[in-house]
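Here the structure comes first, spelled out in structure tokens, and everything after it is commentary.
The values are calculated or read from the model by the stated rules, or taken from the named source; none is laboratory data. Because the structure is predicted, anything quoted here is derived from the model rather than measured. Backbone-built Cβ (ideal geometry, glycine too); neighbour counts: all protein chains shown.
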Amino acid sequence: MSQNLFAVMRDHVVEALRALLPQLTPEHLIRVEVTPARDPAHGDMATNAAMVAAKPAGQNPRALAQSLAERLTAHPLLQSAEPAGPGFVNLRLNASALLDQIPVILRAAEGYGDGTVGAGVRVNVEYVSANPTGPMHIGHCRGAVVGDALAAVMAKAGYEVTTEYYVNDAGGQVQALAWAAYWRYLQAIGSTITAEEFDAATPTGLQYRGEYLIPVGRSLYEHFGTTLATADLAIADPSLWFGPVRDRALSMMMAEIREDLALLGVRQDVFSSERALLESGAVDRAIAELDAKGLIYEGVLEPPKGKAPDDWEPRPQTLFRATEFGDDVDRPLRKSDGSNTYFANDIAYHADKIARGSDVLIDVWGADHGGYVSRMKAVVKAVSDGRVPLEIVLCQIVHVMRGGQPVRMSKRAGTFVTLRDLLDEVGRDAVRFTMLMRKSDAQMEFDLDQAVAQTRENPVFYVQYAHARCRSVLRAAGESLGAAAVTPEALAEADLTGLDDPQELALIRRLIAWPRLVEGAAMAREPHRVAFFLYDLAGEFHMLWNKGRDDSTLRFLQAGDEAGTRARLALVAATAIVIRSGLYVLGVTPAEEMR
């Protein structure tokens with residue numbers, strides 16, 4: 001039997017609808033859905049089929065819902081089908097349909113929920129892409145977790161996913177990094193240059209500090225000795241030291257970033273260099289291709305909104321016809337000095353991703369880049385001739401709190417919370433799960449006290465505790481019945497007819513929603529749905545556990561009733577499998593026991 005019972009039932013609904021209305025086309029049927037019922041009292045599932053089909057068929061939706069319900073009632077999986085509201089049909093599965101899914105879960109193991117909705121679609125998910133000029137902070141952390149979980153849930157839904165980090169190793173920030181690293185180098189070699197004297201020698205706008213660059217300065221000294229300074233250890237000509245200092249600083253900062261990502265459980269497939277892209281001539285090629293399509297011109301932009309005319313200096317620029325692809329204004333590709341804009345560099349980068357064979361591009365950005373969305377979507381549409389969509393997932397700000405107050409816990413940066421410090425404080429599992437307990441485009445507060453609490457208010461503890469309880473029951477059963485009796489393969493053969501309590505059936509209903517949840521989260525690009533699902537699933541399991549404490553007939557281990565015990569162990573094992581399947585998507589460890 002298929003893992004996705006909702007997809008199975010949708011096929012039956014569509015078949016019944018076609019039998020009633022053979023004139024319907026595939027375009028009419030594509031919007032037919034079978035979803036969980038809003039109120040469990042009304043059934044297990046609901047379909048909008050009658051409402052979707054009524055208008056093209058010229059029928060009353062309520063009357064059509066009645067006819068559809070009568071046809072569906074005879075289906076062997078259904079106990080009942082009843083029309084409701086303006087044209088919905090509520091569907092209630094019979095008990096055997098629910099119970100039959102337990103062996104499906106046990107045999108599929110953690111592959112339960114694997115889908116095919118993304119089969120054949122190659123997706124590039126780019127996330128983090130932090131400038132390699134300092135340690136990763138809490139803002140980078142949210143984007144890293146969201147991007148990583150999104151890639152995982154899309155892979156589980158069948159998409160062919162490549163994860164990517166774009167290394168911004170060109171531009172003004174990298175120049176500032178090189179000068180700051182050189183300052184730390186001069187300190188390491190014992191130069192008497194003061195900070196004021198160094199700042200005076202530094203090009204305007206590149207003054208930069210950072211205690212985290214002290215090890216870079218020491219490394220430069222160890223590798224180059226005093227050769228990057230003048231004989232009296234003063235500042236040398238930048239042409240003699242800038243390249244080596246920049247390259248070593250970038251290498252060390254990227255090594256630290258990769259280490260931070262590894263601690264967070266993030267390992268990306270591809271690291272693309274902006275500098276390598278520029279040196280390859282990719283920007284000029286991308287602009288030339290747009291020019292060949294008639295999408296480049298020399299023009300003067302209108303003054304920005306809010307600018308008085310006498311504040312605006314109109315000047316000719318090389319512009320991309322972004323407005324032809326849905327943007328508000330055309331966008332400059334070259335500055336007045338002839339150098340490329342950041343936008344031009346980004347065009348080349350996205351063109352490169354398309355050329356590598358991506359069917360869909362997904363960029364995970366901080367919310368401060370929201371104003372950049374329309375122009376990038378416009379140019380990707382232009383570059384790919386509308387073939388490859390660009391989707392943007394924005395991540396809002398995270399505020400770290402302790403005792404209800406914002407905290408600054410960085411040991412090195414001082415003004416922001418580093419990822420390393422956050423991981424040291426609460427651990428990877430709590431960081432990853434908590435980051436996904438809010439939708440990415442909503443601001444969130446990361447409560448340090450809650451993240452380490454052993455209560456229901458700590459979602460990762462609540463979910464891991466449910467898994468640990470499952471594993472504890474199975475270990476105890478293995479000791480009494482023998483390990484071979486509690487394997488998923490053995491439990492898949494159990495007689496499950498004794499599972500008839502409403503709370504047991506409610507737990508099964510939650511389990512069978514997992515394949516549909518995976519598909520929906522992947523298609524909507526919303527990995528937080530997985531965290532929400534796991535929290536609700538854990539709640540169903542804990543309720544059954546607590547009910548068993550009051551009603552001995554619902555306890556998982558039944559003395560003198562091996563058949564009843566095996567049925568309940570099958571449910572426990574299936575629950576553990578689905579929790580593990582979800583936690584693997586989130587990159588969180590399934591706990592075997594809680595300490």
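Just so you know, in region 84-112 the residues that are of a type outside the set (A, V, I, L, M, F, W, C) and part of a strand (DSSP E or B) include one that is farthest from Asn60 (Cα to Cα), and it is Arg92. Residue pairs whose Cβ atoms lie under 7 Å apart, sitting 6 or more positions apart in sequence or on different chains, and linking a residue in region 230-248 that is assigned by TED's automatic domain parsing to the domain that holds Ile189 and assigned to a helix (DSSP H, G or I) to a partner that is of a type in the set (Gly, Ala, Ser) and buried (at least 16 other Cβ atoms within 10 Å of the Cβ), are Phe242/Ala178; Val245/Ala178; Val245/Ala181; Arg246/Ala178; Arg248/Ser219.
Quick one: would you say Val153 is crowded, with 23+ Cβ neighbours inside 10 Å, out of contact with any strand residue (DSSP E or B) (no Cβ under 7 Å at 6 or more places or on another chain) and within 17 Å of Ala522 (Cβ to Cβ)? The answer is yes for Val153. Note on region 1-11: residues that are buried (at least 19 other Cβ atoms within 10 Å of the Cβ) and part of a helix (DSSP H, G or I) total 4.
Hand me the list of helices (runs of 4 or more DSSP H) wholly inside region 444-502 holding 1 or more residues that are in contact with an Asp or Glu (Cβ under 7 Å, 6 or more places away or on another chain) and under 18 Å from Asn546 (Cα atoms).
Values: elements: 448-452, 459-481, 488-491.
Counting at least 1 such residues, we get 459-481.
Within region 113-168, being assigned to a loop (DSSP other than H, G, I, E, B) and closer than 30 Å to Arg246 by Cα holds for Tyr127, Val128, Ser129, Ala130, Asn131, Pro132, Thr133, Gly134, Pro135, Met136, Asn168. Residues in region 452-465 that are surrounded by fewer than 24 Cβ atoms within 10 Å (Cβ to Cβ) and of a type in the set (A, V, I, L, M) were compared, and the one that is farthest from Gly560 (Cα to Cα) is Val452.
Which of (1) in contact with a Pro (Cβ under 8 Å, 6 or more places away or on another chain); (2) modelled with pLDDT under 95; (3) polar (S, T, N, Q) is the odd one out, the single condition Thr415 does not satisfy? Only one criterion is unmet by Thr415, namely (1).
Here Asp441 clears all of (1) without any contact (Cβ under 8 Å) to a residue 60 or more places away in the chain; (2) among the acidic types (Asp, Glu); (3) surrounded by fewer than 19 Cβ atoms within 10 Å (Cβ to Cβ) except the condition numbered (1). Assess whether Gln101 counts as being outside the structural domain of Ala492 (by TED's automatic domain parsing) and touching a residue at least 24 places away in the same chain (Cβ under 8 Å). Taking the combined requirement at face value, the residue satisfies it. Answer yes or no as to whether Ser480 is surrounded by fewer than 21 Cβ atoms within 10 Å (Cβ to Cβ), more than 30 Å from Val393 (Cα to Cα), of a type in the set (Ser, Thr, Tyr) and at pLDDT 95 or above. In short, no. Considering Arg246, Arg209, Arg184, Arg218, the condition of being in contact with a Leu (Cβ under 9 Å, 6 or more places away or on another chain) and more than 27 Å from His350 (Cβ to Cβ) is satisfied by Arg184 alone.
Yes or no: region 190-209 includes at least one residue that is buried (at least 18 other Cβ atoms within 10 Å of the Cβ) and within 25 Å of Asn340 (Cβ to Cβ). Scanning region 190-209, I find at least one residue that is buried (at least 18 other Cβ atoms within 10 Å of the Cβ) and within 25 Å of Asn340 (Cβ to Cβ), so the answer is yes. Would you confirm, using the coordinates I've provided, whether Leu390 is under 22 Å from the mean Cα position of the chain (by Cα), hydrophobic (A, V, I, L, M, F, W, C), crowded, with 21+ Cβ neighbours inside 10 Å and closer than 26 Å to Val283 by Cβ? Judged against the criteria, Leu390 is a match.
Applying the criterion of being within 30 Å of Met51 (Cβ to Cβ) and among the charged types (D, E, K, R) to the residues of region 79-115, the residue that is farthest from the chain's Cα centre (by Cα) is Glu82. When residues in region 1-33 are screened for being over 17 Å from Gly87 (Cβ atoms) and charged (D, E, K, R), 4 of them pass.
Pairing residues of region 364-381 that are assigned by TED's automatic domain parsing to the domain that holds Leu150 with residues that are part of a helix (DSSP H, G or I) and among the aromatic types (Phe, Trp, Tyr), at Cβ distances under 7 Å and at least 6 apart in sequence or on separate chains, gives Arg375/Phe343; Ala378/Phe325; Lys381/Phe325.
Report yes if Ala276 is modelled with pLDDT of 95 or more, touching a helix residue (DSSP H, G or I) at 6+ places or on another chain (Cβ under 6 Å) and of a type in the set (Gly, Ala, Ser), otherwise no.
On the way: modelled with pLDDT of 95 or more: yes; touching a helix residue (DSSP H, G or I) at 6+ places or on another chain (Cβ under 6 Å): no; of a type in the set (Gly, Ala, Ser): yes.
In short, no.
Pairs are defined by a Cβ separation below 8 Å, a sequence spacing of at least 6 or placement on different chains, a first member in region 26-45 that is in the same structural domain as Met9 (by TED's automatic domain parsing) and outside any loop (DSSP other than H, G, I, E, B), and a second member that is of a type in the set (Val, Ile, Thr) and surrounded by 11 or more Cβ atoms within 10 Å (Cβ to Cβ); the pairs so defined are His28/Val52; Leu29/Val14; Leu29/Val52; Val34/Val13; Val34/Thr47; Thr35/Thr47; Met45/Val34; Met45/Thr35.
Conditions tested, residue by residue: (1) free of Cβ contacts under 8 Å to residues at least 40 places away in the same chain; (2) farther than 30 Å from Gly427 by Cβ; (3) in a loop (DSSP other than H, G, I, E, B).
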| site | (1), (2), (3) |
| --- | --- |
| Phe271 | no, no, no |
| Leu277 | no, yes, no |
| Arg285 | no, yes, no |
| Asp291 | yes, yes, no |
| Gly294 | yes, yes, yes |
| Tyr297 | yes, yes, no |
| Glu302 | yes, yes, yes |
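Looking across Ala382, Ala378, one residue alone is surrounded by 15 or more Cβ atoms within 10 Å (Cβ to Cβ), assigned to a helix (DSSP H, G or I), of a type outside the set (Val, Ile, Thr) and in contact with an Asp or Glu (Cβ under 6 Å, 6 or more places away or on another chain). It is Ala378.
So how many residues does region 46-60 have that are surrounded by 15 or more Cβ atoms within 10 Å (Cβ to Cβ) and assigned to a loop (DSSP other than H, G, I, E, B)? Selection size over region 46-60: 2. Taking Leu186, is it touching a strand residue (DSSP E or B) at 6+ places or on another chain (Cβ under 7 Å), under 27 Å from Glu222 (Cβ atoms) and outside any loop (DSSP other than H, G, I, E, B)? Against the criterion (touching a strand residue (DSSP E or B) at 6+ places or on another chain (Cβ under 7 Å), under 27 Å from Glu222 (Cβ atoms) and outside any loop (DSSP other than H, G, I, E, B)), Leu186 qualifies.
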